[in-house]
Structures are given as C-alpha cells and as structure tokens.
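Participant: Have a look at this one.
The values are calculated or read from the model by the stated rules, or taken from the named source; none is laboratory data. The model shown is predicted, which means the values in this text are computed figures rather than measured ones. Note that we place each Cβ from the backbone using ideal geometry, even for glycine, and neighbour counts take in every protein chain shown.
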Amino acid sequence: MRDDEYVRYDGLALAALIRKGEVSREEVFEAACQRIESHDPAINAVVRTRFAQARDELAQVDPVAPFAGVPFLTKDLALAIAGEPLCAGSAALRDWRAPLDSTLVSRYRRAGLVILGQTNTPELGLMGITEPHAFGATHNPWSLEHSPGGSSGGAAAAVAAGLVPLASAADGGGSIRIPASNCGLFGFKPSRGRLPQGPNYAELWDGAVSEGVLTRSVRDTAAALEAVNGMDRGAPLPLPLPHEGGWREALERPPATLRIGVSLRSPVGSGVHPEVRRGVENAALLLESLGHVVEWHDPPVDGERLAQCYLTMCLGQAAAQLAWISEQTGVVRHRLDIEPTTRALGRLGKALPVADYLLARQRWNDLARAMGEFHERYDMLLLPVLAGPPPHIGQLYPSAREQHLMRLLAIPGLSRLALRMGALERLSHEALSYMPFTQLANLTGQPAMSVPLHRTPQGLPIGVQLMAAMGDDKRLLSLAGQLEQAKPWQTMPNPLR
C-alpha cells in the first residue's frame with residue numbers, strides 16, 4: 001500500500017478495504033510503520049514503538065471486528081499494556097512496567113485495532129501542552145513551530161500527520177478537545193462513566209477524566225465509542241453505565257431542531273482572540289442555517305470558583321500521583337526525577353488542607369446543578385475551546401524565572417505559606433487564561449466536543465466547542481455529523497501529505 005493511499009482513508013475505510021480483500025492487513029501495517037519512521041522524527045509524537053509485538057498481534061485480529069487490522073496508538077498515560085513501559089511523560093517511570101492490560105486496551109484490541117506504540121504527553125498529564133523534559137516537545141503538523149496542545153498532544157499530532165487514522169486520548173481538563181482544536185481534528189469527550197478506566201483506576205482525577213479517541217472523521221469516533229463503551233466489572237461507581245449500541249446510527253440522521261446557547265465569556269476574565277471569536281460566530285451562523293435556534297447566553301457558573309475547584313483538584317492529584325510513583329519505584333519522593341513544575345505542584349498539593357480539597361470537590365455538584373438548569377432551556381452550549389490560536393512551542397511552558405519560583409515553592413514550609421498568601425487564586429488565573437473554557441465539562445461530567453470549523457489567515461486550525469447535557473452523547477455526535485456534512489474539513493495539513 002502506497003503512503004499516499006494509506007493517508008487518504010479514515011479507520012473505517014481502511015477496515016473496509018481489508019475486509020473486501022482490496023488490501024491486506026499486512027500491507028496496511030507496513031504502510032503505518034513506514035509512515036511513523038519517516039514522519040515522526042519531525043513531530044516527535046511517538047515516544048516508543050512496538051512494531052514486533054504488534055506484528056505478532058496482527059495475526060490474532062478478529063476479521064469481523066469494526067476496525068480489523070487498523071493501526072492505532074495509545075497515550076503514554078493510564079492505558080497500560082502488560083509488561084511494557086508506561087511513563088506518563090516522566091523520567092521517574094522510565095524503568096517501570098505495567099503489571100496487566102487496562103480494560104480499554106483489551107477492548108481496543110477486540111475492536112480490531114493494532115497498537116503500534118505510545119504517544120507523547122506532558123509529565124503526569126498536568127499541562128495543556130506537550131513538552132516533557134523526558135521525551136522532548138511534540139510539534140504541530142500544521143506548523144512545526146507551534147504546539148499541538150495537550151495533554152493528548154502526541155496523539156493529536158500523530159493523527160493529524162497521518163501516522164494512524166485514530167489514537168487513544170483522555171480528557172481531564174480539555175486534553176482531548178485542546179489538541180483536537182490545535183490540530184484540526186474531531187475530539188469528543190464522553191460523559192463521565194461512559195468508558196472504563198480499570199482495573200488500575202475507578203475514576204481518574206476523581207472522575208474529571210474521560211477516556212476517548214482523536215480522529216479525522218466523526219464516524220471513526222462514533223464507531224470506536226460504540227465498540228468500547230460501558231463500565232468494566234467491579235468498577236466502584238454509583239451506577240456504572242452498561243454497554244450501549246446506536247452510536248454509529250446516531251450519525252445517519254441529523255438531530256431535530258436544537259436550542260443552542262452561545263457564550264464567549266472567559267470564566268477567568270481573560271481576553272479572547274479575534275480569530276477565536278470569529279470561529280464561534282461563524283459556527284453560530286452555520287447552526288442557524290441548519291435550522292437550529294441560536295441565542296447568546298452565558299452559562300450560569302462562577303468562573304473564578306470553577307477555576308479554583310479545578311486547580312485544587314489538580315494539586316491534590318499531583319501529590320497523590322507522586323506518592324504512587326514513589327511507592328512503585330521505591331524512590332523517596334524528594335529524589336524522584338521529575339520536572340520543577342511537577343515537584344512544586346505536588347508540594348502545593350501535599351500542603352493543601354484535606355478539608356479544602358473535599359470542599360472544592362463538593363462544589364462540583366453546584367456547577368453540575370447550575371448546568372442542569374441551563375439545559376432545561378438549551379440543548380447545547382456553543383463556546384470556544386481555547387482563548388487563542390495554537391501557541392508556539394515554549395510559549396506556555398514555565399519560563400526560567402517561573403521555574404525558579406517553582407523550585408522555591410517545593411521547599412517544605414514555603415508551599416503552605418504560599419497557599420495562605422493566595423497562590424491558588426493567582427495560579428488558577430495564570431494557568432487557565434489561555435485555556436479557560438474546557439474544565440467545566442470535566443467537573444460536571446458532561447459530554448463535550450471540539451469540531452474543526454475554523455482556520456486563521458495563516459492556516460492554523462481553530463476548533464469550536466459544543467457541550468450537551470449529561471448523558472446526551474449521541475445527540476451531540478449527531479450534531480457533529482451534521483456539521484461535518486455541512487462544512488467538511490481538511491483532514492491533513494498540506495506539508496505532510
């Protein structure tokens with residue numbers, strides 16, 4: 001299979017070619033491996049390959065599976081493959097090996113996907129960019145000077161560059177939607193509880209994280225979610241969602257007339273770039289032209305409280321993750337080989353009073369109730385994914401001065417003092433000024449998606465975000481399919497075709 005043929009198809013189309021006998025699964029496999037070897041050095045999306053193991057697994061693929069023989073990459077965070085590395089973007093885990101497969105890894109394999117390797121992620125998934133010290137920065141295929149975002153930046157760059165037609169991703173604060181926006185992809189964050197996170201976890205980041213995929217077509221996302229959705233046995237959740245069909249069928253018919261609220265107000269009061277505004281405004285006009293009712297209406301949430309709740313969770317989770325790494329590796333926490341920012345966030349999290357963490361977690365309920373009332377009037381919410389276009393590499397990474405301050409904050413005693421002096425409030429504004437629009441869906445658990453409907457004059461992608469009520473995933477996907485038909489997007493950047 002020629003390279004220009006391989007990159008032309010989405011995952012379902014490749015599977016159909018294999019099923020019809022027009023191309024063999026081995027030919028598709030070799031085309032993907034060659035594409036990774038020739039194009040990944042420029043973008044640094046893949047942190048490790050497993051071609052030999054994948055070649056052996058290729059022979060075991062069920063020929064009637066929806067993605068039988070389709071190449072796939074998993075994110076180097078949370079999705080474990082038994083006996084293989086899982087570094088979470090950190091040098092501290094270079095020598096660690098996963099004891100067993102994640103449930104999702106097993107389900108992706110049952111769906112016919114062939115895992116060729118793992119993709120780059122920021123250390124512990126704590127940033128909206130992908131520039132870890134351990135593996136280096138991932139570059140955006142649309143412009144190598146720009147970032148793909150994060151934390152699923154490696155996955156997004158890999159799909160946008162045509163290394164694979166789809167890749168696993170996870171979203172704890174926008175980590176599917178942010179890189180989808182920056183890389184011109186479709187990125188869908190399912191409702192909380194749709195996809196399993198076991199057996200190693202019940203709810204990552206207290207339920208803020210939803211697993212998913214990044215794709216060039218809406219139908220690939222729908223088919224992947226149909227194949228792997230449903231909680232795994234033993235998940236200690238209040239009401240684990242069972243497996244559901246009908247995801248692909250949701251794309252066969254457009255949704256009935258929707259009432260859609262539109263907002264450009266940043267939750268933390270930061271500015272919104274004119275191109276982002278233009279993208280949202282044009283999307284609103286497109287939705288109106290499709291027969292939907294569109295009204296400007298801000299979501300009824302306290303943006304500053306939302307930001308503080310989110311950052312409180314991140315700090316506490318950073319501390320817990322570092323404690324887990326220390327336990328797994330046998331290296332005391334203060335000697336772990338981690339980045340200064342990660343160490344400081346972990347120290348702040350450890351200094352955070354338990355009562356403050358639990359109170360912030362309880363306030364997720366207030367946000368969810370407020371959005372429940374919003375959806376009594378509106379079916380969907382249209383808003384930006386990010387406050388600006390894709391940033392340059394290094395633009396959002398902490399400066400040398402900021403890293404020095406982080407090192408000071410990591411000193412025992414100073415972190416607790418910093419919290420008392422309002423460090424959390426300042427940190428929440430600084431950390432989220434560029435990416436303030438995505439965290440709401442993580443704390444409320446709602447489904448949300450980034451749809452690649454806009455481009456800057458320089459050709460950089462800008463996605464628009466749509467959120468639906470909790471559990472209304474299929475109607476949101478149906479709307480995505482309608483938008484894809486009404487305004488098809490370029491699926492790959494010209495320089496990397």
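Participant: Name the residue, out of TYR397, TYR434, that is among the hydroxyl-bearing types (Ser, Thr, Tyr), in a loop (DSSP other than H, G, I, E, B), within 30 Å of GLU339 (Cβ to Cβ) and in contact with an Asp or Glu (Cβ under 8 Å, 6 or more places away or on another chain).
Facilitator: Going through TYR397, TYR434 in turn, the sole match is TYR397.
Participant: So VAL164 fits all but one of (1) part of a loop (DSSP other than H, G, I, E, B); (2) in contact (Cβ under 8 Å) with a residue 60 or more places away in the chain; (3) touching a helix residue (DSSP H, G or I) at 6+ places or on another chain (Cβ under 7 Å); (4) closer than 21 Å to SER210 by Cα; what number is the exception?
Facilitator: The one condition VAL164 does not meet is (4).
Participant: Looking at TYR397, is it surrounded by fewer than 24 Cβ atoms within 10 Å (Cβ to Cβ), under 23 Å from THR312 (Cα atoms), at pLDDT 95 or above and hydroxyl-bearing (Ser, Thr, Tyr)? Steps first, answer last, please.
Facilitator: Numbers: surrounded by fewer than 24 Cβ atoms within 10 Å (Cβ to Cβ): yes; under 23 Å from THR312 (Cα atoms): yes; at pLDDT 95 or above: no; hydroxyl-bearing (Ser, Thr, Tyr): yes.
When the stated conditions are applied, TYR397 does not pass them.
Participant: Here's a follow-up. Return a yes/no flag: does the stretch 215-231 have any residue that is of a type in the set (Gly, Ala, Ser) and over 21 Å from the mean Cα position of the chain (by Cα).
Facilitator: no
Participant: Answer yes or no as to whether ILE115 is part of a loop (DSSP other than H, G, I, E, B), in contact with a Lys or Arg (Cβ under 9 Å, 6 or more places away or on another chain) and on the phi < 0 side of the Ramachandran plot.
Facilitator: no
Participant: Same structure, new question: For the stretch 89-96, state whether one or more residues are part of a loop (DSSP other than H, G, I, E, B) and over 19 Å from ILE325 (Cβ atoms). Full working, then the answer.
Facilitator: Narrowing the stretch 89-96 to residues part of a loop (DSSP other than H, G, I, E, B): 89-90, 94-96.
Imposing the further condition that a residue be over 19 Å from ILE325 (Cβ atoms) reduces the set to none.
The answer is no, given that none of the residues of the stretch 89-96 is part of a loop (DSSP other than H, G, I, E, B) and over 19 Å from ILE325 (Cβ atoms).
Participant: Taking the stretch 433-453 as the region of interest, how many residues are closer than 18 Å to ALA284 by Cα and surrounded by fewer than 24 Cβ atoms within 10 Å (Cβ to Cβ)?
Facilitator: 1
Participant: I would also like to ask the following. Could you grab the pairs with beta carbons closer than 7 Å, sequence gap of 6+ or different chains, first residue in the stretch 340-362 and under 13 Å from GLN321 (Cβ atoms) and of a type in the set (S, T, N, Q), second one outside any helix (DSSP H, G or I) and modelled with pLDDT of 90 or more?
Facilitator: THR342/LEU126
Participant: Kindly state which helices (runs of 4 or more DSSP H) lie completely within the stretch 1-43 and contain at least 1 residues that are touching a strand residue (DSSP E or B) at 6+ places or on another chain (Cβ under 8 Å), in contact (Cβ under 8 Å) with a residue 60 or more places away in the chain and not charged (D, E, K, R).
Facilitator: Here the list reads 11-20, 25-43.
Participant: Right, something else. Identify, please: which residue in the stretch 163-193 is surrounded by fewer than 24 Cβ atoms within 10 Å (Cβ to Cβ) and not polar (S, T, N, Q) and is, among those, modelled with the lowest pLDDT?
Facilitator: GLY193
Participant: Now a separate question. Go through the stretch 54-81 and give me each residue that's within 27 Å of ARG94 (Cβ to Cβ), in contact (Cβ under 8 Å) with a residue 60 or more places away in the chain and not in a loop (DSSP other than H, G, I, E, B). Steps first, please.
Facilitator: Taking the stretch 54-81 as the starting set, the residues that turn out to be within 27 Å of ARG94 (Cβ to Cβ) are 54-57, 71-81.
Next cut, in contact (Cβ under 8 Å) with a residue 60 or more places away in the chain only: 54, 71-80.
Hits for the stretch 54-81 are ALA54, PRO71, PHE72, LEU73, THR74, LYS75.
Participant: Residue pairs, Cβ under 6 Å, 6 or more apart or interchain, first in the stretch 325-336 and farther than 15 Å from ARG94 by Cβ, second assigned to a helix (DSSP H, G or I) and aliphatic (A, V, I, L, M). List them.
Facilitator: Hits for this filter: ARG333/LEU322.
Participant: Among the listed residues ARG97, ARG107, identify the single one that is surrounded by fewer than 24 Cβ atoms within 10 Å (Cβ to Cβ), in contact with a strand residue (DSSP E or B) (Cβ under 7 Å, 6 or more places away or on another chain) and not β-branched (Val, Ile, Thr).
Facilitator: Criteria check complete, one pass: ARG97.
Participant: Here's something else I'd like to know. For the stretch 331-353, give me each residue that is surrounded by fewer than 18 Cβ atoms within 10 Å (Cβ to Cβ) and at pLDDT 95 or above.
Facilitator: Step one: list which residues in the stretch 331-353 are surrounded by fewer than 18 Cβ atoms within 10 Å (Cβ to Cβ), which gives 331-335, 337, 353.
Once the filter is applied, which keeps residues that are surrounded by fewer than 18 Cβ atoms within 10 Å (Cβ to Cβ) and at pLDDT 95 or above, the stretch 331-353 yields VAL331, VAL332, ARG335, ASP337.
Participant: When you check MET492 against the structure, is it modelled with pLDDT of 95 or more and among the aliphatic types (A, V, I, L, M), yes or no?
Facilitator: Working: modelled with pLDDT of 95 or more: no; among the aliphatic types (A, V, I, L, M): yes.
Answer is no for this residue.
Participant: Within the stretch 11-38, track down each residue that is surrounded by 19 or more Cβ atoms within 10 Å (Cβ to Cβ) and within 15 Å of ARG216 (Cβ to Cβ).
Facilitator: Hits for the stretch 11-38 are GLY11, LEU12, LEU14, ALA15, ALA32, ARG35.
Participant: Oh, and also: Condition check: in a helix (DSSP H, G or I), at pLDDT 95 or above, among the hydrophobic types (A, V, I, L, M, F, W, C) and surrounded by fewer than 16 Cβ atoms within 10 Å (Cβ to Cβ). Does ALA320 satisfy that?
Facilitator: yes
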